[in-house]
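Engineer: Dropping the structure in here first, questions after.
The values are calculated or read from the model by the stated rules, or taken from the named source; none is laboratory data. None of the values given here were measured: they were computed from a predicted structure. Here the Cβ positions follow ideal geometry from the backbone for every residue, glycine too, while neighbour counts run over all protein chains shown.
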Amino acid sequence: MGNPKEEKALDEKGIKVGDLVSTKYRGGTREGVVERIATTEEEHPHPPKVIFHNQRGKEVAHNPSTLEKKAAAEELEGEGE
């Protein structure tokens, strides 16, 4: 079972696969496009976690409450046109 506070944050922020998200981390910012959302302990030991690759190409997993949704997947699709 996941953390109720984080499950609520995930719902409230409306974060979905394909969205651009960012979080403050160690004096800087991590940003990336959501690749998947781990909702079970089989996917990640402490669900829910939002998983994406940061600017340096490293896979990172963060609690939804720590993230800011910068752009929806639909908005990002329109940029390539």
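Engineer: Here's a check for you: in segment 15-33, which residue that is in contact (Cβ under 8 Å) with a residue 24 or more places away in the chain, of a type in the set (Val, Ile, Thr) and not in a loop (DSSP other than H, G, I, E, B) is nearest to residue 55 (Cα to Cα)?
Structural biologist: Here the answer is 33.
Engineer: Could you please give the count of residues in segment 34-71 that are surrounded by 12 or more Cβ atoms within 10 Å (Cβ to Cβ), in a strand (DSSP E or B) and either touching an Asp or Glu at 6+ places or on another chain (Cβ under 8 Å) or not β-branched (Val, Ile, Thr) (or both)?
Structural biologist: 14
Engineer: Tell me yes or no: at least one residue of segment 25-33 is surrounded by 14 or more Cβ atoms within 10 Å (Cβ to Cβ), more than 17 Å from residue 2 (Cβ to Cβ) and in contact with a Gly (Cβ under 7 Å, 6 or more places away or on another chain).
Structural biologist: yes
Engineer: With at pLDDT below 95 and not in a strand (DSSP E or B) as the only criterion, which of 12, 74 stands out?
Structural biologist: Step by step, each of 12, 74 is checked, and only 74 is at pLDDT below 95 and not in a strand (DSSP E or B).
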